[in-house]
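Presented below is the structure to which this report refers.
The values are calculated or read from the model by the stated rules, or taken from the named source; none is laboratory data. Note that the structure is a prediction, hence the values are computed from the model and not measured. Because the Cβ atoms are built from the backbone with ideal geometry, glycine has one as well, and the counts that use them run over all protein chains shown.
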Amino acid sequence: MVDGNDVVCRCEEVLREEILRAIKSGARDLDSVKRMTRAGMGMCQGRTCSVLIRNMLHEALQLPKGELPSVTVRPPVRLIPSRAFLEAQKEQNMK
């Protein structure tokens with residue numbers, strides 16, 4: 001059974017009702033849903049939830065799935081400590 005409290009994006013803990021609310025507020029593609037709800041911005045970068053969101057957009061807007069543009073994917077940016085580079089260089093020198 002589908003419920004509004006179902007989690008669609010596990011990484012960002014975005015619920016089905018939040019995505020439906022974003023669609024009612026004007027979201028017409030995956031990127032606009034992503035901006036309005038953060039769905040797809042977690043560690044998996046939407047690999048898990050983008051299909052579910054695409055299906056929700058398809059049902060709500062009655063658009064063919066082929067007309068829905070794909071989501072913009074950006075790798076997560078993380079700070080890398082300087083020592084990690086030094087350790088990697090030491091490992092390279094040992095080979």
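Tabulated data
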{"item": "Candidate set: segment 27-53, residues that are touching a residue at least 12 places away in the same chain (Cβ under 8 Å) and among the charged types (D, E, K, R); chosen: the one surrounded by the most Cβ atoms within 10 Å (Cβ to Cβ)", "result": "Lys34"}
{"item": "Residue within segment 72-95 that is in contact with a Ser or Thr (Cβ under 8 Å, 6 or more places away or on another chain), under 20 Å from Val8 (Cβ atoms) and not acidic (Asp, Glu) present", "result": "no"}
{"item": "Top-ranked residue in segment 62-95 [being closer than 18 Å to Gly46 by Cα and hydroxyl-bearing (Ser, Thr, Tyr); ranked as modelled with the highest pLDDT]", "result": "Ser70"}
{"item": "Out of Leu79, Leu57, sole residue that is in contact with a Leu (Cβ under 7 Å, 6 or more places away or on another chain) and not hydroxyl-bearing (Ser, Thr, Tyr)", "result": "Leu57"}
{"item": "Hey, Leu68 over 18 Å from Arg16 (Cα atoms), in contact with a Lys or Arg (Cβ under 7 Å, 6 or more places away or on another chain) and either surrounded by 10 or more Cβ atoms within 10 Å (Cβ to Cβ) or aliphatic (A, V, I, L, M) (or both) or not", "result": "yes"}
{"item": "Total residues in segment 29-54, condition part of a loop (DSSP other than H, G, I, E, B), out of contact with any Ser or Thr (no Cβ under 7 Å at 6 or more places or on another chain) and of a type in the set (Gly, Ala, Ser)", "result": "3"}
{"item": "Residue within segment 14-22 that is assigned to a strand (DSSP E or B), at pLDDT 95 or above and either among the polar types (S, T, N, Q) or under 12 Å from the mean Cα position of the chain (by Cα) (or both) present", "result": "yes"}
{"item": "Residue under evaluation Ile80, criteria (1) buried (at least 16 other Cβ atoms within 10 Å of the Cβ); (2) free of Cβ contacts under 8 Å to residues at least 40 places away in the same chain, criterion not met", "result": "(1)"}
{"item": "Gly26 in contact with a helix residue (DSSP H, G or I) (Cβ under 6 Å, 6 or more places away or on another chain) and assigned to a loop (DSSP other than H, G, I, E, B)", "result": "no"}
{"item": "Test: Glu59 is closer than 26 Å to Glu13 by Cα, of a type in the set (Asp, Glu) and surrounded by 10 or more Cβ atoms within 10 Å (Cβ to Cβ)", "result": "yes"}
